[in-house]
Structure formats: C-alpha cells, structure tokens
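Colleague: I am attaching a structure below and will ask some questions about it afterwards.
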Amino acid sequence: MPEISLETDRLRLRPWRAADSDAFAALNADPDVMRYFPATLTRAQSDAMIARAVEKAEAGGICFQPVEEKKTGAFLGFVGLNRPVPDVPVPETFEIGWRLARHAWGKGFATEAARCWLRFGFETLHLREIISFTTVSNVPSRRVMARLGMSEDPSGAFAHPALPEAHPLRDHVLYRLAVPEDHLPRSA
Ligand SMILES: CC(C)(COP(=O)(O)OP(=O)(O)OC[C@H]1O[C@@H](n2cnc3c(N)ncnc32)[C@H](O)[C@@H]1OP(=O)(O)O)[C@@H](O)C(=O)NCCC(=O)NCCS
C-alpha cells in the first residue's frame with residue numbers, strides 16, 4: 001500500500017514527518033493527555049513510536065497517522081487504524097485509535113478524523129469489522145467510540161496483559177463496528 005493521505009473538511013490525515021517529533025513529544029509528556037496510560041513518554045519513547053510507525057508505513061502497512069489542522073497547519077496528534085499488538089486479547093482485525101494534544105480537544109477533531117479512517121477501512125481495506133478498546137475509566141475515548149456508532153461488547157472486556165494485577169487501568173472495554181450494509185462488496 002502506498003503512503004496514505006486523506007482529507008476531511010478541517011483536517012489533513014497525512015504521513016509522519018521528522019518535523020512532528022517536537023509536537024508529538026510535547027503531547028506525550030503531558031500528564032492530562034496520558035492520564036489513561038500507565039505513564040507519560042520520554043522524548044526517546046515518543047521518537048521511537050514515530051520511528052515504528054514510519055517503518056511500518058514504509059513496509060506497506062497501516063498505522064496511526066498524524067492529524068493536521070488545514071487552517072493552521074498545526075500538528076494535532078494522531079488518529080488512525082492499527083493492528084493491535086498480538087498479546088492483547090481482541091478480535092483479529094484493525095483497531096481505530098486516537099491521541100490529540102489538549103488544545104485540540106472539544107472541537108470534534110477526533111471524531112471527524114476517525115469517520116474518515118473508518119470509511120477507508122471499510123471501502124479501501126474491505127474490512128468486515130473495526131474495533132476499539134480502552135481502559136474502563138477513559139470516558140472521553142468511549143464517547144468518541146459511541147459517536148462513531150460503535151457498540152460496546154461486554155463479552156470482549158479484558159484485563160490488559162501489559163499491566164500488573166490491581167493496576168487501576170488494567171480493565172479494558174471493547175467496542176465493535178461491523179461494516180455498514182452499503183459498504184459490503186456486491187455478490188456477483
Ligand atoms: C480521546 C480524545 C481524542 C477525545 O477528544 P474529544 O475532543 O473529547 O473528542 P472529539 O474530538 O470527537 O470532540 C468531541 C467534542 O467536541 C465538541 N465539538 C465542538 N465543536 C465541534 C464541531 N465543530 N464538531 C463536532 N464536535 C464539536 C463536541 O460537542 C464534543 O464535546 P463533548 O464531548 O463535551 O460533548 C481526547 O480526550 C484525547 O486525546 N485523550 C488523550 C489520549 C487518549 O486517551 N486516547 C485514547 C486512548 S484509548
């Protein structure tokens with residue numbers, strides 16, 4: 001798959017650039033942004049995340065991609081599709097996920113970008129289902145899932161294997177979205 005660039009009314013969903021490194025490190029170091037993760041990220045960890053995404057994209061894979069505001073050109077964070085890491089006990093398909101800088105919250109940007117990625121997943125990748133998951137208490141993220149029309153599957157709830165027992169973020173919820181009827185391939 002060649003590099004993916006998508007557009008919505010207000011946003012550009014584009015490949016990573018070296019120049020994203022500062023703004024990405026700043027949001028990963030913000031305790032509010034990382035409130036539902038075990039820890040904030042160091043500069044090296046943040047850069048390594050970009051490097052992994054670039055490597056995956058260069059190999060033709062799909063990964064979370066930057067969101068840029070068209071009006072200002074500002075890097076806002078990432079939204080996109082990704083293959084969950086193998087040890088997370090979720091259905092075998094792509095997840096949709098998001099992480100935006102605080103200044104970009106409350107404007108509908110995550111939902112707008114995610115709708116575009118869902119369409120890409122169903123129309124271009126021909127996925128039958130897209131999932132999302134988060135720690136139980138991450139209400140802002142669950143609200144994005146609900147706005148996208150995803151449904152919580154209580155039977156898919158799981159304890160995150162990377163977190164120790166009794167860790168407050170260990171319990172996760174699973175949301176699912178099946179391909180809409182009008183995106184199903186027509187039978188011959
Ligand atoms: C999860 C996260 C992306 C949600 O951000 P968000 O701003 O709440 O979600 P959206 O971008 O979809 O914006 C929706 C909000 O913008 C408001 N809004 C304002 N202008 C809008 C517009 N023009 N269009 C749509 N919504 C608009 C909506 O009313 C809604 O507010 P509400 O939730 O108070 O009702 C954000 O909290 C985040 O980055 N968190 C840190 C990282 C994280 O936890 N990621 C998830 C890990 S699983």
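The values are calculated or read from the model by the stated rules, or taken from the named source; none is laboratory data. All figures in this text were calculated on a predicted structure; none of them were measured in a lab. We place every Cβ from the backbone using ideal geometry, glycine too, and count neighbours over all the protein chains shown. All accessible areas refer to the heavy atoms of the entire protein, side chains included, with ligands and DNA or RNA removed. Shrake-Rupley method; radii C 1.70, N 1.55, O 1.52, S 1.80 Å.
Colleague: Name the residue farthest towards the positive end of the dipole of the chain from the options Gly108, Val67, Val173, assuming +1 on Cβ of Lys and Arg, -1 on Cβ of Asp and Glu, about the Cα centre.
Modeller: Selected residue: Gly108.
Colleague: I've got another one for you. Under a Cβ-only charge scheme (Lys and Arg +1, Asp and Glu -1), can you give me the dipole magnitude of the chain about the Cα centre, in debye to the nearest 20? Write out the running numbers ahead of the final one.
Modeller: Working: 23 positive and 24 negative charges, 87 e Å.
Dipole magnitude for the chain comes out near 420 debye.
Colleague: So what is the diffusion coefficient of segment 6-132 in µm² per second by Stokes-Einstein at 20 °C and 1.002 mPa s, using a Kirkwood Rh over Cα pairs? Mind dumping the intermediate values first?
Modeller: Values: Rh = 15.1 Å.
For these conditions, the coefficient is 142 µm²/s.
Colleague: Give me the net charge for the shell around Arg142: Cβ to Cβ below 15 angstrom, other residues only, Lys and Arg +1, Asp and Glu -1. Each step should come with its number before you reach the end.
Modeller: On the way: positive: Arg35, Arg99, Arg143, Arg147, Arg176; negative: Glu95, Glu152, Asp153, Asp171.
For residues surrounding Arg142, the net value is +1.
Colleague: While we're on this one: What ranking of Val85, Val173 comes out by heavy-atom accessible area, probe 1.4 Å, highest first? Could you put the intermediate results ahead of the total?
Modeller: On the way: Val85 85, Val173 10 Å².
Greatest to least solvent exposure: Val85, Val173.
Colleague: Here's a follow-up. In segment 38-113, which trypsin sites (Lys or Arg not before Pro) fall in coil by DSSP and have 10 or fewer other Cβ atoms within 10 Å? Don't skip to the answer; put the middle values down first.
Modeller: Numbers: sites: Arg43, Arg52, Lys56, Lys70, Lys71, Arg99, Arg102, Lys107; in loops: Lys70, Lys71, Lys107.
Within segment 38-113, the qualifying trypsin sites (Lys or Arg not before Pro) (loop, at most 10 other Cβ atoms within 10 Å) are Lys71.
Colleague: Just Ala18, Ala178, Ala114 to compare: in a GNM of the chain, with alpha carbon springs under 10 Å, which one fluctuates most?
Modeller: Ala18
Colleague: Please state the charge dipole magnitude for segment 76-172, taken about the Cα centre, from unit charges on C-beta atoms (+1 on K and R, -1 on D and E), reported in debye and rounded to the nearest 20. Walk me through the numbers on the way to the answer.
Modeller: On the way: 11 positive and 10 negative charges, 106 e Å.
It comes to approximately 520 debye.
Colleague: Could you work out the longest stretch of the chain that avoids the GluC sites (Glu not before Pro) located in DSSP loops with at most 13 other Cβ atoms within 10 Å? Before the final figure, lay out the partial values.
Modeller: Details: sites that count: Glu3, Glu92, Glu165.
The answer is 4-91.
Colleague: Could you do me a favour and compute the accessible area per residue for the chain, 1.4 Å probe, result in Å²? Please list the in-between numbers first.
Modeller: On the way: 10160 Å² over 188 residues.
Here the per-residue accessible area is 54 Å².
Colleague: Still on this model: Over segment 6-132, what is the mean sequence separation of C-alpha contacts under 8 Å (at least six apart), divided by residue count, expressed as relative contact order in percent? Display every interim value, and only then the final one.
Modeller: Working: 181 pairs, mean separation 30.1, N = 127.
Result for segment 6-132 is 24 percent.
Colleague: In segment 6-132, with Lys and Arg counted as +1 and Asp and Glu as -1 at Cβ, which of these residues, Leu127, Val85, Trp117, has the Cα nearest the positive end of the dipole, that is, farthest along it?
Modeller: Result: Trp117.
Colleague: Here is a follow-up. Calculated FRET efficiency, Ser151 and Asp182, Cβ-Cβ r, R0 22 Å, to nearest 0.05?
Modeller: E(calc), rounded to 0.05, equals 0.75.
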